[in-house]
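This report refers to the structure that appears directly beneath it.
The values are calculated or read from the model by the stated rules, or taken from the named source; none is laboratory data. Note that the coordinates shown come from a computational prediction; the quantities given were computed from them, not determined experimentally. No Cβ is skipped: glycine too gets one built from the backbone with ideal geometry, and neighbour counts run over all protein chains shown.
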Amino acid sequence: MADLEIRDLRVAVEGNEILKGVNLAVNKGEIHALMGPNGSGKSTLAYALMGHPFYEITGGEVWFKGQNILELEPDERARLGLFLAFQYPQEIPGVTVSKFLRAAVNARRQAMGLEPYGPYEFGLILNEKMERLRIDPSFAFRALNEGFSGGEKKRMEILQMSLLEPEMAVLDETDSGLDIDALRIVADGVNSLVGPNMGVLVITHYQRLLNYIQPHFVHVLMDGRIVRSGGPELALELEARGYDWLRAELESTATA
Amino acid sequence: MEETKVLETLRDDYAERYGFRDEATYLYETPRGLSRRVVEEISAIKNEPEWMRQFRLRAYEIFLKKPMPTWGADLSGVDFDRIVYYARPTDRPARSWDEVPEYIKRTFERLGIPEAERKFLAGVEAQYDSESVYSNVREDLARMGVIFCSTDEAVQKYPDLVREYIGTVVSIADNKFAALNSAVWSGGTFIYVPPGVRVEYPLQAYFRINREAMGQFERTLIIADEGAFVHYVEGCTAPIYTEDSLHAAVVEIIVKRGARVRYTTIQNWSNNVYNLVTKRAFAYEEATMEWVDCNIGSKVTMKYPAVYLLGRGAHGEVLSMAFAGDGQHQDTGAKMIHRAPYTTSLVQSKSISKGTGRASYRGLLKVYPGAEHVKANVSCDALLLHDVSRTDTYPTMEIQEQNVHIGHEATVSKVGDEQIFYLMSRGLSEEEAITMIVNGFIEPIVKELPMEYAVEMNRLIALEMEGSVG
Ligand SMILES: Nc1ncnc2c1ncn2[C@@H]1O[C@H](COP(=O)(O)OP(=O)(O)OP(=O)(O)O)[C@@H](O)[C@H]1O
Ligand SMILES: [Mg+2]
């Protein structure tokens, strides 16, 4: 079994089935890209994996570290080592980045049986990670995401990922809103974490990100199903031709 | 700074931390209920001068005549006949901690009082039911002429000062509970800071109700002479009983020209205390008065700290936070009365309603004719934790001058499901996530507290949030 295994996952929102049986297997050390037209269900898949209560699981299983995590609360999934970089991160007024991050990191550390970090020790670690992602140190004392620009929010997501050191990360359009330099910095951040200890599912619309984060596999989600999987060349083909040819092809095979 | 500690202690609760009670023995206590005789007895026990006895008796007559206020929270549960108006645990306030009776010492030690004094306070007073049991001020301050003692002691030692000011800011006829307090008051803090003296560390008083069906009626009087500065911090707790207690304090503050007073309250009553407090300050020319008022617990709280801006350029602030838990009603607010030109005021109120809790903001902003160039700003934000939680705002504005700048805004929000999910996706439990959002919401107020209290406040919120999920 793969490290993360999604089997025939079906998800409904307000009674409408959005995911109609998704199958996907991601191993640590692998980078998978998930592409697909707007509204095809990519974020729905990401939220469902993380356990958003709004997304109703109507069928299927998700196996991670020996359990079907669909039975777990979102925080339990997180402490187990699952991470989601949000397409639209939330603003939390009055809660500083450093206070929040220390609580989050310590929650995960305690789950792993490690000593929680004290404020000073954590401050040093935070500083170092921020430096690496070229985030100004003053951000540590700002309220989480409050008044952050789109790109700053995305960088903050990657900062969180680098501190939480997940085993499986889903990045939902982390590239949108990033300027050219930030894209490279964020990509470097992701690349430095992928390795034997982490697998990634990158949701994106553009080849641009995949130039920096090179996927081993590319999948296309359409109308709630993964309709095609391939290597990096699939992304290039989509970039060049869009989705219509794929849709047409699928229709012709369906009618044939 | 201390959030892991906060999370670690999430599991203990009010009952254990504050809700314990002592098997106290009282040297003296009045029988339940109020009468002229009880008032006279209190005065006699305290061996008061005649003017104070008369003050009490006049107030008692007014108390009888005044109707119960019906415009605010539901006070139908207040039973004046069931209350014990005076209970005296010790002879006189001790000056050294060792002199405090063992059981009282244990109480305050459990609450962390002497430790706090050693660490960062300029002076401490501790009141247990009716009487002050301990008071101490740093010697250097005493040498500079700073007076910090119980108001009873002040009546004996500084009668002229007390007589000059008591009842001048809050008249005995102001409202029913102010009249009641004036009749039966006991304890409370008296502070006088001489001209130009700045008290750099906070002075603290700690109020503890121990006896069941007790009435605590402390009377606090603070005078900051010209150009002086003082920060006073009060904290309150009570055990959990089945019979309701009544806390009806009166606080009067005089901030003279160019002086500044900050008055910080951290009230954490058990949910069987009626907390009906009149707090008012007079701020003269270029003076600054700041109320930082944090209200957690109690059955009903009615409290609207007021600043009368009487001199040109005076500034008033009320920064308040109210947490209404299940079945509680926090009816709080602020009054800013601009009577002089170029006066400015700021009101920032944050309330949280949990379960069936109800938080009301009730405010008055008044600008008298001729008070030109007034700048006033009022903002109140309410956060609702559950569908049954309730909040309401009653802002009153009486602006009788054209040339003024008035700002007002009010918001009501629910703890967002998306925010909770976001925090949970980082490994915080639902309760921790909501607690963090709530602590963030009140952060603008909490950051005004001295560090130790800010930590304590976050912890108290965590306690209140326990079991709020599910
Ligand atoms: N909370 C929601 N309420 C109502 N409809 C929703 C909700 N979330 C998703 N949907 C619907 O589900 C479908 C899939 O949405 P989803 O956000 O998963 O698409 P996506 O593939 O991430 O699109 P994009 O590329 O634009 O980010 C859409 O039709 C969307 O309107
Ligand atoms: Mg999306």
Name the pairs: first residue in segment B:411-427 and over 20 Å from residue B:352 (Cβ atoms), second residue in a strand (DSSP E or B), Cβ to Cβ under 7 Å, at least 6 apart or on different chains?
B:425/A:84
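Yes/no per residue for (1) surrounded by 21 or more Cβ atoms within 10 Å (Cβ to Cβ); (2) in contact with a Cys (Cβ under 9 Å, 6 or more places away or on another chain); (3) modelled with pLDDT of 95 or more:
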position	(1), (2), (3)
B:302	yes, no, yes
B:307	yes, no, yes
B:313	no, no, yes
B:326	no, no, no
B:331	yes, no, yes
B:352	yes, no, yes
Candidates A:59, A:51, A:81, filtered to the one that is of a type in the set (Gly, Ala, Ser), touching a Gly at 6+ places or on another chain (Cβ under 9 Å) and away from ligand 2 (no atom under 15 Å from the Cβ):
A:59
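Kindly state which helices (runs of 4 or more DSSP H) lie completely within segment A:163-241 and contain at least 1 residues that are within 16 Å of ligand 1 (Cβ to nearest atom) and farther than 19 Å from residue A:153 by Cα.
Hits in segment A:163-241: A:207-212, A:232-241.
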So, in segment A:63-102, of the ones that are within 7 Å of chain B (Cβ to nearest Cβ) and in a strand (DSSP E or B), which residue ends up surrounded by the most Cβ atoms within 10 Å (Cβ to Cβ)?
A:84
When you go through A:225, A:184, A:208 one by one, which is the residue that is more than 11 Å from residue A:31 (Cα to Cα), touching a residue at least 60 places away in the same chain (Cβ under 8 Å) and not small (Gly, Ala, Ser)?
A:225
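Restricting attention to segment A:32-57, which residues are assigned to a strand (DSSP E or B) and either within 7 Å of ligand 1 (Cβ to nearest atom) or under 12 Å from residue A:170 (Cβ atoms) (or both)?
Of all residues in segment A:32-57, those assigned to a strand (DSSP E or B) come to A:32-35, A:56-57.
Listed by number, the residues that qualify are A:32, A:33, A:34.
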Does residue B:319 satisfy the criteria of being over 26 Å from residue B:248 (Cβ atoms) and in contact with a helix residue (DSSP H, G or I) (Cβ under 7 Å, 6 or more places away or on another chain)?
no
Touching a residue at least 24 places away in the same chain (Cβ under 8 Å), part of a strand (DSSP E or B) and among the hydrophobic types (A, V, I, L, M, F, W, C): does that describe residue B:221?
yes
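Would a scan of segment A:46-54 turn up a residue that is of a type outside the set (A, V, I, L, M), more than 13 Å from every other protein chain (Cβ to nearest Cβ), on the phi < 0 side of the Ramachandran plot and over 16 Å from the mean Cα position of the chain (by Cα)? Reasoning before the result, please.
Quick first cut of segment A:46-54, residues of a type outside the set (A, V, I, L, M) only: A:47, A:51-54.
Those still in the list that are more than 13 Å from every other protein chain (Cβ to nearest Cβ) too: none.
For segment A:46-54, residues of a type outside the set (A, V, I, L, M), more than 13 Å from every other protein chain (Cβ to nearest Cβ), on the phi < 0 side of the Ramachandran plot and over 16 Å from the mean Cα position of the chain (by Cα): absent.
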Counting only strands (runs of 3 or more DSSP E) entirely within segment B:354-439, those with at least 3 residues that are within 14 Å of chain A (Cβ to nearest Cβ) and basic (Lys, Arg) are none
Tally up the residues in segment B:180-194 that are surrounded by 24 or more Cβ atoms within 10 Å (Cβ to Cβ) and either of a type in the set (Gly, Ala, Ser) or assigned to a loop (DSSP other than H, G, I, E, B) (or both), please.
6
Condition (residue is in contact (Cβ under 8 Å) with a residue 40 or more places away in the chain and within 12 Å of the chain's Cα centre (by Cα)) applied to segment B:338-350: is it met by at least one residue?
no
Checked segment A:154-168 for anything at pLDDT 95 or above and within 16 Å of ligand 2 (Cβ to nearest atom); matches are A:157
